Amino acid sequence: MSLFDRTAEKASRTLARRTSRRGVLSTLGRLFVGGALMPLLPIDRTYGRTDPHQTDATQCDYWKYCAMDGQLCSCCGGTGTQCPPGTEVSKVSWVGTCLNAHDGKSYLVSYSDCCGRSSCGQCYCSANVRERPGYEMAIHNDVNWCMANSQSSYHCTVSVIVGVAG
Amino acid sequence: MSLFDRTAEKASRTLARRTSRRGVLSTLGRLFVGGALMPLLPIDRTYGRTDPHQTDATQCDYWKYCAMDGQLCSCCGGTGTQCPPGTEVSKVSWVGTCLNAHDGKSYLVSYSDCCGRSSCGQCYCSANVRERPGYEMAIHNDVNWCMANSQSSYHCTVSVIVGVAG
Amino acid sequence: MSPRTRLAAGVAAVLALVARAAWADLPIEHTGVAQLKPDNGHRLYIVDKFPPAHAIDSRIHVIDGDTFAILGQMSNGSFGSFAISADHKTLFNATTFFSRGDHGARTDVVEYYDTSTLIPRSETLLAPKRAMTNQYSVFLVESAGAKYLLVQNATPATSVSVIDLSTKAVLSEIETAGCFGIYASSKLPGRFATLCGDGTALTVDFDTHGKEVGRRRSSTLFDPDKDALFITGVKMGERTLFISFLGNVHSIDFSGDVAKQDTPWSFIGAADKAARWRPGGYGNIAYSPFNGQLYVGMHPNGVEGSHKTPAEEIWKVDVARHVVTGRVKSDGANYLQVSKEAHPLLFSVNVKEGIQGSVTRYDGDTLKVLGTSKPDLLEGGGPIWVE
Amino acid sequence: MSPRTRLAAGVAAVLALVARAAWADLPIEHTGVAQLKPDNGHRLYIVDKFPPAHAIDSRIHVIDGDTFAILGQMSNGSFGSFAISADHKTLFNATTFFSRGDHGARTDVVEYYDTSTLIPRSETLLAPKRAMTNQYSVFLVESAGAKYLLVQNATPATSVSVIDLSTKAVLSEIETAGCFGIYASSKLPGRFATLCGDGTALTVDFDTHGKEVGRRRSSTLFDPDKDALFITGVKMGERTLFISFLGNVHSIDFSGDVAKQDTPWSFIGAADKAARWRPGGYGNIAYSPFNGQLYVGMHPNGVEGSHKTPAEEIWKVDVARHVVTGRVKSDGANYLQVSKEAHPLLFSVNVKEGIQGSVTRYDGDTLKVLGTSKPDLLEGGGPIWVE
């Protein structure tokens, strides 16, 4: 896998250098599909594209954030999986299926919002692998998933692995 | 007065160039007091200093804004003296005494807030000639002068001449 | 006062006396409230797309489309939706407020703003279940004949609340499980449609008491997994135009008791398909009945998941001839809208990496850029409404 | 799927199988709420000084003073004030909310937040007249013995509301016309003082029902026109230290039934006076009882009206010896605070032209810069509270 790592590494550096963290547009996808390399499963690239090799929870292109839309709680007093103090975890959540290149597996990732505070304002990150409009609500990330909490003001978003997607 | 005008003009240009419009720190005061020029009345210079020659209501250093603190309604759908549509004029206001170099007179200027909308967010301007803390409430500009309105949310600020300060 | 300042004051006083004689005092001024500039058809209402740092204080900005001057502002609360009435007199503001800013009791409400004064005249309290979503224009829709206002709910179970606009009362809540978005029939006040996750459209009829009297599900119109439809549909007479993730145009007729569509067609030629040009953005579709052109925000290198990428180009597509008739570079458009006139103006709200919320004005026929606002006119930008 | 992608998928599937055997699945994860890092005495509470664009959504940021990491956030509503209880367990949040975001019914309230969880436990409703001001720390003050909470009102007539902290009930409202700011006696719970526009201080006594039982006005302490006192006073044992616009230190004893002050003294030497160095900013004064040093934000070329200029330098002044013992360049400090420990840390909230809201940490003894946060940690910055 090291060959891929180095290429991905170079690609995500160009990705970071050329664009601010928030509006990350990368050509990583094309590198894999069009390039001479052995093409992996076409990895989604979109506004704030994620990179299956990236494992830093405070960065928008962290592999687990492939269907993330919101502010990363890891920048707001929480972690990649824990809400900041004073907020509550959303009762309902949406799911994404994200590829972790380190083990070549796709994982089912559940995204929960943290609720009860006005939005944190740090680290806005939007990526939309297999995300769909609201008529497929379970995989839609443009609604406030704090909607079912008694305190339904949106603060930030966390993500947790709930299983291998097979 | 033209000699003053040209010097003031040059000074306010340096003022504008060197600092962003919001955090305007000018040396205009020193120019007048310390310089070889015939010193006028010491013109106040502070964070967002005003210039007695400046007559553009959308600029923070407009002579009438010498005790202004807030967002200029002229950038928010109102004018230098009129509130934007949808807001209401504050029932109470504070006053400043500002020098208009064009006629060498000091005028009593009343500052009113425009109320009933969240803050406009454009053209924040703070200048504090003869402004004093809240124990001199009538000339204090760090309180929300929408306080007495039924709709007391602060939106922006206007200023009107109410007479010559003699 | 130090001697130096006293001298200065003295000299200044003399100077002032000399000066004053020459000039009359400036006149007394009076405050008041400025009149809102009448709408010449280029007045823009733009909601801030969910400003990252102050979600509970979204706003609807009123902007002069000809000069980009700010004309006024209204609160859009938390994850609000808005729409303008057919007679242009009312802005419907459906949103959520919390009694203690970002916590406390939740209040969902529709406020009715007067578009000539920007002042809220009245309101309708809603059940606390309205859909709190990023800004799309299909969640708050006036019915044909301006009789009802239809409000999308999500808990996340979905439904539509029916408001009688003559009484401002909520008449009913109609369940629409598995479907989302509201497309009012252009003829019957008591009929709306909604898109569903199985690729069909559900058409619902209700009586003057808001009571459902029938629903019909269409045949399969699209494949949500392989080529989903963007949820923002634009009206073209009796029909509503949708674009798909891969760039196919679906023209759906919601006016009948069951939705029907013509054969979808693509406007992306072979070369562009190879470079994987695809539609993207949050509301990147607009249509002008005056010139029959559809405007779409496009980006290259499209892949699964790139459907929210701000536009690198805006394409103009002739709907009758199914061909692209113009392309222009874009500053990252996320929302498009056209003015309602012959030789329409095209407006885009742009989110160019890092710089949020500029607005660009184009000639709708030639796609020539006529002007661009300052980069931070808005904090994020959202759907534009031009009446 | 096009043949090319199908090939890619096939190959990828093979690769994936090979890979998977080598690795165990990643473990299932669970969400939850993070524990707030215990306060080591360097936890900063910083309110956003009236963020220009979202006045109704001010916040109190909780920041780790050692790393500048964001630890949490609480709403400070519209023009709010806050204070931390003497036992550090409660954050008092006195603020204003509107029922429809920026309009509708006004609610003034004190909320009691638990500083170990940042969750509001209870609240006291206030008359809708609390002082809506930019952030100064003298408008919400706990009395001696933590018995009462004193809330400044302004309509603009001024008064102080007395809350019994054991019952959280408002006991009374005591009129303080022409005066502003609250300085609690350090000994008697039922006594506070306030500064007045005639240059005197008013000391008021009240009984356990909040009823006024006496008031005494001091002799003239300062000249509000020629050399006004900044309203933020800092405690030094029984006394409260104020600085004046021209850089004189007034040490006032509010503990008695009438306020008395020592002879004011200046810490600005001849050379600095010539360059017109003056104090400036919104809360640019802090005092450490551990090293007896007063910290003041200063700017050169001071003139009438320059009293809110962010600091170009921070000066350290030995209160006993009346001399400046250190100076350091500043990024436009507007607020200062020191940690409550031997060898204190000095924190400043900076508003360097254009870049709002960075925080700098200094060694309180040497004024050496120990670290500066990213420039936009805050949107505007406000009073800091370090317990």
Exercise. Can we say D:Val351 is more than 13 Å from D:Leu44 (Cβ to Cβ), in a strand (DSSP E or B) and not hydroxyl-bearing (Ser, Thr, Tyr)?
Worked result: yes
Exercise. For D:Lys340, which of the numbered conditions (1) within 18 Å of the chain's Cα centre (by Cα); (2) over 18 Å from D:Arg276 (Cβ atoms); (3) surrounded by 19 or more Cβ atoms within 10 Å (Cβ to Cβ) fails to hold?
Worked result: (3)
Exercise. How many residues does region D:119-131 hold that are within 28 Å of B:Val143 (Cβ to Cβ) and either within 18 Å of the chain's Cα centre (by Cα) or within 12 Å of chain A (Cβ to nearest Cβ) (or both)?
Worked result: 3
Seminar exercise, completed: In the set A:Ser74, A:Ser90, the lone residue that is closer than 30 Å to A:Gln151 by Cα, part of a helix (DSSP H, G or I), of a type in the set (S, T, N, Q) and at pLDDT 50 or above is A:Ser74
Exercise. In region A:60-71, is there at least one residue being in a strand (DSSP E or B), over 20 Å from D:Leu26 (Cα atoms) and of a type in the set (D, E, K, R)?
Worked result: yes
Seminar exercise, completed: When region D:132-144 is checked residue by residue, the ones that are among the polar types (S, T, N, Q) and either within 7 Å of chain B (Cβ to nearest Cβ) or more than 14 Å from the chain's Cα centre (by Cα) (or both) are D:Thr133, D:Asn134, D:Ser143
Exercise. In region B:101-127, what residues are more than 7 Å from every other protein chain (Cβ to nearest Cβ) and part of a strand (DSSP E or B)?
Worked result: B:Ser106, B:Leu108, B:Val109, B:Ser110, B:Tyr111, B:Asp113, B:Cys114, B:Cys115, B:Cys125
Exercise. So, of the residues in region D:224-248 that are within 21 Å of B:Thr97 (Cα to Cα), within 11 Å of chain B (Cβ to nearest Cβ) and in contact (Cβ under 8 Å) with a residue 24 or more places away in the chain, which turns out to be nearest to the chain's Cα centre (by Cα)?
Worked result: D:Phe230
Seminar exercise, completed: Filtering region D:265-285 down to residues that are crowded, with 18+ Cβ neighbours inside 10 Å and at negative phi yields D:Phe267, D:Ile268, D:Asp272, D:Trp277, D:Arg278, D:Pro279, D:Gly280, D:Tyr282, D:Gly283, D:Asn284, D:Ile285
Exercise. Among the strands (runs of 3 or more DSSP E) contained in region D:29-131, which hold 1 or more residues that are small (Gly, Ala, Ser) and surrounded by 17 or more Cβ atoms within 10 Å (Cβ to Cβ)?
Worked result: D:58-64, D:70-84, D:90-98
Problem set entry | Any hit, region C:196-205, residues being within 13 Å of another protein chain (Cβ to nearest Cβ) and within 21 Å of the chain's Cα centre (by Cα) | no
Seminar exercise, completed: Note: among A:Cys75, A:Cys66, A:Cys156, A:Cys146, just one is more than 9 Å from chain C (Cβ to nearest Cβ), in contact (Cβ under 8 Å) with a residue 12 or more places away in the chain and crowded, with 24+ Cβ neighbours inside 10 Å, namely A:Cys156
Exercise. Within region C:191-201, can one find any residue that is touching a residue at least 40 places away in the same chain (Cβ under 8 Å) and surrounded by fewer than 16 Cβ atoms within 10 Å (Cβ to Cβ)?
Worked result: no
Seminar exercise, completed: Subset of region D:279-302, residues at pLDDT 95 or above, within 14 Å of chain B (Cβ to nearest Cβ) and in a loop (DSSP other than H, G, I, E, B), comes to D:Gly280, D:Pro300, D:Asn301, D:Gly302
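The values are calculated or read from the model by the stated rules, or taken from the named source; none is laboratory data. For clarity, every value in this text was computed on a predicted model and none was experimentally measured. Here Cβ is always computed from backbone atoms with ideal geometry, including for glycine, and neighbour counts include all displayed protein chains.
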